[in-house]
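Worksheet: one structure, shown below.
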Protein chains: 2
Amino acid sequence: MIKVAILGYGNIGKAAEEAIKAAPDMTLAGVYHHNDCLDCIDADVVLVCTPTREVQKFATVLAARGICTVDSFDIHGQIWNLREALDAVCVPNKAVSIISAGWDPGSDSMIRAILQALAPKGLTYTNFGPGRSMGHTVAAKAIPGVKNALSMTIPLGTGIHRRMVYIELEEGADFKTVQAALLADDYFAHDETHVIPVESIDALNNVAHGVNLVRNGVSGETHNQRFEFNMTINNPALTGQVLVSCARAAVRLKEHGDFGAKTMIELAPIDLLPGTKESLVKALV
Amino acid sequence: MIKVAILGYGNIGKAAEEAIKAAPDMTLAGVYHHNDCLDCIDADVVLVCTPTREVQKFATVLAARGICTVDSFDIHGQIWNLREALDAVCVPNKAVSIISAGWDPGSDSMIRAILQALAPKGLTYTNFGPGRSMGHTVAAKAIPGVKNALSMTIPLGTGIHRRMVYIELEEGADFKTVQAALLADDYFAHDETHVIPVESIDALNNVAHGVNLVRNGVSGETHNQRFEFNMTINNPALTGQVLVSCARAAVRLKEHGDFGAKTMIELAPIDLLPGTKESLVKALV
């Protein structure tokens, strides 16, 4: 049995706990909070479910102890830097860190890589939603006069998105002023954005999300090869499950002496799954 | 540059040649026919584009010489046996054989494995077509009185398929007799099958195909996670491209000393693509 611990117990940590308990080859080695003693953790793999900006700090400490980690670090522009930094810690300490293991970045990245291999020339568009954008929601909450907010991402195709921003105003705040400040914010200034005042954000709460990923490309000299991947999912449940499936891959890579930091496009799909090679090849190939 | 040779020059071999010429990191190391001298082949990888039942014979001879091979062996029930047989030849001779590298088995297998990792409990249905089934077309051509045939696979959902069988009769053949023989054939007896007489099969010729692959599953304890993968493609062009992308993966695995026979679910998507790890992670993750 693989001993898997959870560090950070928000939406993702809770969903990961459910996925560990449902896994036939894992036991839960404990749930730890940000400020717990990391030296106390005894596990084969730690799922780092902290806010994204704290991932590197915690993963570094754990990898230095030779403990594998998995995180869902999601700042696309900084993934390569995180990979390089953790790789330098993992290799000498014989650990494996699987980074950016969610659905985007994560499983969508694997799909994009496969589609590019099937049709090397062409365009891929990733259309997100409908679903809540965490980054845009946080940006909306930071606008003066906003008590609570929800920014929904609506796909318009070809990677273009509309932002539907629901706001609960603070007592006495002026809607027009808040709306103008929000529309001028860099998070919203470049997209079609609608601001809607509501009585209660809590009444709109929904963790549903999804993606529509399309590629039209060229295989060899043959054009018009068309591919499409769609999903509609509970966001934290999927992210928690991806972390857990990647924990299994981390252990397999470590067993094979393949130490270092990896993104999901560097993993073989078979290593995400429980069972023998023979049973998986017979069931899935 | 990776030197890639082609063995067998039918539809797939010709499409593979186009994909090799379009690849930035490969050169064509020759096109060989079934009865050519295999000892004359000088290549890093040979794409075995022969009929499926001849794949093992040729791949065995090449792997024994330490040459990597890629094939699109497509008899689902015999894939594990082929993998075991080629693995035993590859490992001592430091070769890599990537088997069943087409779209199904092949890239669809990777998608099925990923979807199972995202939602471990649930059902996946693979719906093929509309497109020509080679196996059913060959079976229809073998019926006495049939001059030429085309068996189209029509998806009805939940993995159930209709067979639309177009037949060109031999001079003097009786349609009702041919139809009865075809419907009794084991290839057709278990599916909804329609037999349609036509003047010319050649006039219907079309290598278009496709798939609709759906999974509804459970991530952790959360039900109703929905995934769908669709493609509409030129069949030989896609198969040729997959062989070529897998040739690149074979060379990468050999460089890392990871010898043996592998199916596509055992490959990391990044190894199918040209370019550095850094450029690919930055572009795709």
With the cut-off at 1.5 for a/c, could you classify chain B from its C-alpha gyration tensor as rounded, prolate or oblate? oblate
Build a GNM of chain A with springs between Cα atoms under 10 Å: which of A:Thr177, A:Thr153, A:Thr69 gets the top mean-square fluctuation? A:Thr177
Considering only the other residues whose Cβ falls under 11 Å of the Cβ of A:Val31, what net charge follows from Lys and Arg at +1 and Asp and Glu at -1? -1
Among A:Met110, A:Met134, A:Met164, which one shows the highest mean-square fluctuation when chain A is modelled as a Gaussian network with alpha-carbon springs under 10 Å? A:Met134
Around B:Asp185, with a cut-off of 13 angstrom between Cβ atoms, what is the net charge of the other residues, counting Lys and Arg +1 and Asp and Glu -1? 0
May I ask you to list the lysines whose Cα is less than 18 Å away from that of B:Lys21, ignoring any residue fewer than eight positions away on the same chain? A:Lys121, B:Lys3
Nm distances between the label at B:Val207 and the same-position labels in the remaining copies, 7 Å along Cα→Cβ, shortest first? 4.7
Answer rounded, prolate or oblate for the range A:55-157, using the Cα gyration tensor with square roots of eigenvalues a ≥ b ≥ c: rounded when a/c is under 1.5, else prolate when a/b is larger than b/c, else oblate. oblate
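Can you tell me, using C-alpha contacts under 8 Å and at least 6 residues apart, the relative contact order of chain B as a whole percent? Write down the numbers at each step before the final one.
Numbers: 579 pairs, mean separation 62.8, N = 285.
Answer for chain B is 22 percent.
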For A:Arg53, go 7 angstrom from Cα along the Cα-to-Cβ vector, then report the distances to that same point in the other copies in nm, smallest first. 6.6
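What number comes out for accessible area per residue over the protein assembly as shown if the probe is 1.4 Å? Units Å², please. Numbers along the way, then the final one.
On the way: 23420 Å² over 570 residues.
I get 41 Å² per residue for the protein assembly as shown.
Taking each full run of DSSP H in chain B as one helix, which ones are at least 20 Å long along their axis (Cα atoms) and have mean Kyte-Doolittle hydropathy of at least 0.0? Let's see the in-between values first.
On the way: long enough: B:79-93 (21 Å, 0.37); B:235-255 (31 Å, 0.32).
Going by DSSP H runs, the hits are B:79-93, B:235-255.
Take the alpha carbon gyration tensor of the protein assembly as shown, find the square roots of its eigenvalues, order them as a ≥ b ≥ c, and report rounded if a/c is under 1.5; if not, report prolate when a/b exceeds b/c, else oblate.
Values: a/c = 2.14, a/b = 1.51, b/c = 1.41.
Prolate, since a/c reaches 1.5 and a/b exceeds b/c.
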Given a 10 angstrom Cα cut-off, can you work out which residue in A:Lys57, A:Lys141, A:Lys94 is the most mobile in a GNM of chain A? A:Lys57
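Once the Cβ-Cβ distance between A:Lys141 and A:Asp186 is put in as r, and R0 is 22 Å, what FRET efficiency do you end up with, to the nearest 0.05? Numbers along the way, then the final one.
On the way: r = 15 Å, r/R0 = 0.69.
Plugging the Cβ-Cβ distance into 1/(1 + (r/R0)^6) gives 0.90.
Rounded to the nearest 100 Å², what is the buried accessible area between A and B, both sides summed, probe 1.4 Å? Let's see the in-between values first.
Working: alone 14310 and 14330 Å², together 23420 Å².
Buried area between the two chains comes out at roughly 5200 Å².
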Give me the net charge for the shell around B:Thr153: Cβ to Cβ below 13 angstrom, other residues only, Lys and Arg +1, Asp and Glu -1. 0
Express the carbon and sulfur contribution to the solvent-accessible surface of the protein assembly as shown as a percent, rounded to the nearest whole number, probe 1.4 angstrom. 51
Taking the label point 7 Å from Cα along the Cα-Cβ vector, the copy-to-copy distances for A:Asp191, listed from shortest in nm with one decimal, are 4.3
For the range B:176-285, with +1 on Lys and Arg beta carbons and -1 on Asp and Glu, the positive-most of B:Gln225, B:Tyr187, B:Leu253 along the dipole: B:Leu253
Of A:Ile143, A:Gly157, A:Gly172, farthest towards positive along the dipole that unit charges on Lys, Arg, Asp, Glu beta carbons give the range A:128-250: A:Gly157
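The values are calculated or read from the model by the stated rules, or taken from the named source; none is laboratory data. These numbers come from a predicted model, not from an experiment. Reconstructed Cβ throughout: ideal geometry from the backbone, glycine too, with neighbour counts over all protein chains shown. Note: areas computed on protein heavy atoms with side chains; ligands, DNA, RNA excluded. Shrake-Rupley method; radii C 1.70, N 1.55, O 1.52, S 1.80 Å.
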